[in-house]
């Protein structure tokens, strides 16, 4: 398999998580999502599991500005905020699992964290709003907050987090090898396309 | 075939033109590139063929600002500049061929022009600079201008044209159904992925 690591960035409700799970299953490789990475960080660092869950994919720069954390070089920073330390812990966890075994990793700027690896395939999954709304309501149920607002809040949160830690625009095709509109192409078809490319 | 029209936007040197040609051949449908659309416009309007060739995919707004031409509604404007009239002629030619027959259309903001059609699949093809440079040198040969500068000039020209006439950012994955890095995935593999999706 020429691509032993697959990173999946995804829009809320696009089915990116399910696609990642199915790809891992079909390829017979490990699957790392938020929950698995959270558990790994809680096991291996001083972070409390509830703090990690609460601050997952949140960015805390009022200015939305980028500052180079220098972590590609492996330097450690103890004077950083807890949020930036959490990002670094996630960064290190992602580098470690990619080194350890073939895997699918969902979210957490994994495309950026692993951009230097030739054995990684970077995928973006998104879909039109109607399709996403219907999937979200089916999967998570109705809430007080309107579905349009729920999607917008989550999209903005992920975009800010991504921009803050990578200085890239979320959704720029050139940052990925493959971008798929799951609503138009279909969840299972997306899985097949990714699996075929990874195998070639 | 659920997607009878395929639009291909492409980065210079990414092989998008060849991919479009091969997709059309495999699906047995018409292929419209710059040359064919130019000929059609020259045949059916007062535009001189050399003027069309010379001003192909050029944008003439010093400010890079968008102004709504209102052409989705079919209104005609005789007070517009020649360049904007040429864009409208291209817009109308694209709408006409899409209405007339199943086809592949390369470039000319066809994704935007046909965004309201449910039977259209919008594809973006791009690649890393090294891959593009090697393809460009192989296909068009060396010139006095450095290859990096040739790519940058052409990329900027297409980005400005796209931005000027669509008010969208070139390369935003959300404007397409499928975005493929042809250098990583392979030209023939890109063709197969597009053909499979179009047929489903």
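Given (1) in contact with a helix residue (DSSP H, G or I) (Cβ under 9 Å, 6 or more places away or on another chain); (2) within 14 Å of chain B (Cβ to nearest Cβ); (3) farther than 19 Å from residue B:186 by Cβ; (4) crowded, with 17+ Cβ neighbours inside 10 Å, where does residue A:188 come up short, assuming only one miss?
(4)
Mind checking which pairs have a first residue in region A:25-49 that is surrounded by fewer than 17 Cβ atoms within 10 Å (Cβ to Cβ) and a second that is part of a helix (DSSP H, G or I), Cβ under 6 Å, 6 or more apart or different chains?
Every condition considered, the pairs that remain are A:26/A:195; A:45/A:89; A:49/A:42.
Give A:179, A:190 a once-over and let me know the one that is within 18 Å of the chain's Cα centre (by Cα), closer than 17 Å to residue A:104 by Cα, in contact (Cβ under 8 Å) with a residue 12 or more places away in the chain and in a helix (DSSP H, G or I).
Just a single option satisfies the conditions, and that option is A:190.
Say whether the condition of being modelled with pLDDT under 95 and out of contact with any strand residue (DSSP E or B) (no Cβ under 6 Å at 6 or more places or on another chain) is met by at least one residue in region A:170-192.
yes
Within region B:103-124, does at least one residue satisfy the condition of being surrounded by fewer than 22 Cβ atoms within 10 Å (Cβ to Cβ), within 13 Å of another protein chain (Cβ to nearest Cβ) and part of a helix (DSSP H, G or I)?
No, region B:103-124 has no match at all.
What number of residues within region B:191-200 satisfy the criterion of being closer than 21 Å to residue B:112 by Cβ and within 7 Å of chain A (Cβ to nearest Cβ)?
Residues flagged as closer than 21 Å to residue B:112 by Cβ and within 7 Å of chain A (Cβ to nearest Cβ) within region B:191-200 amount to 1.
Kindly provide the set of residues from region A:117-134 that are closer than 25 Å to residue A:30 by Cα and touching a residue at least 40 places away in the same chain (Cβ under 8 Å), ordered by number.
Across region A:117-134, the qualifying residues are A:117, A:119, A:120, A:121, A:122, A:123, A:124, A:125, A:126.
Each row is one residue, and each column tells you yes or no for (1) touching a helix residue (DSSP H, G or I) at 6+ places or on another chain (Cβ under 6 Å); (2) touching a residue at least 24 places away in the same chain (Cβ under 8 Å); (3) under 16 Å from residue A:180 (Cα atoms).
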site	(1), (2), (3)
A:110	yes, yes, no
A:114	yes, yes, no
A:136	no, yes, no
A:145	no, no, no
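Could you say which residue among A:18, A:50, A:2, A:14 is at pLDDT below 85 and either at negative phi or not in a strand (DSSP E or B) (or both)?
Among A:18, A:50, A:2, A:14, only A:2 is at pLDDT below 85 and either at negative phi or not in a strand (DSSP E or B) (or both).
Quick check on residue B:150: is it in a helix (DSSP H, G or I) and away from every other protein chain (no Cβ under 14 Å)?
Against the criterion (in a helix (DSSP H, G or I) and away from every other protein chain (no Cβ under 14 Å)), residue B:150 qualifies.
Does region B:164-174 include one or more residues that are within 17 Å of the chain's Cα centre (by Cα), more than 14 Å from chain A (Cβ to nearest Cβ), buried (at least 22 other Cβ atoms within 10 Å of the Cβ) and not in a loop (DSSP other than H, G, I, E, B)?
Scanning region B:164-174 turns up at least one residue that is within 17 Å of the chain's Cα centre (by Cα), more than 14 Å from chain A (Cβ to nearest Cβ), buried (at least 22 other Cβ atoms within 10 Å of the Cβ) and not in a loop (DSSP other than H, G, I, E, B).
Here's the yes/no breakdown for (1) surrounded by 15 or more Cβ atoms within 10 Å (Cβ to Cβ); (2) farther than 30 Å from residue B:10 by Cβ:
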| site | (1), (2) |
| --- | --- |
| A:127 | yes, no |
| A:131 | yes, no |
| A:140 | no, yes |
| A:147 | yes, yes |
| A:160 | yes, yes |
| A:181 | yes, no |
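The values are calculated or read from the model by the stated rules, or taken from the named source; none is laboratory data. Since we're looking at a predicted model, the values are computed, not measured. Using ideal geometry, Cβ is built from the backbone for each residue, glycine included, and neighbour counts are taken over all protein chains shown.
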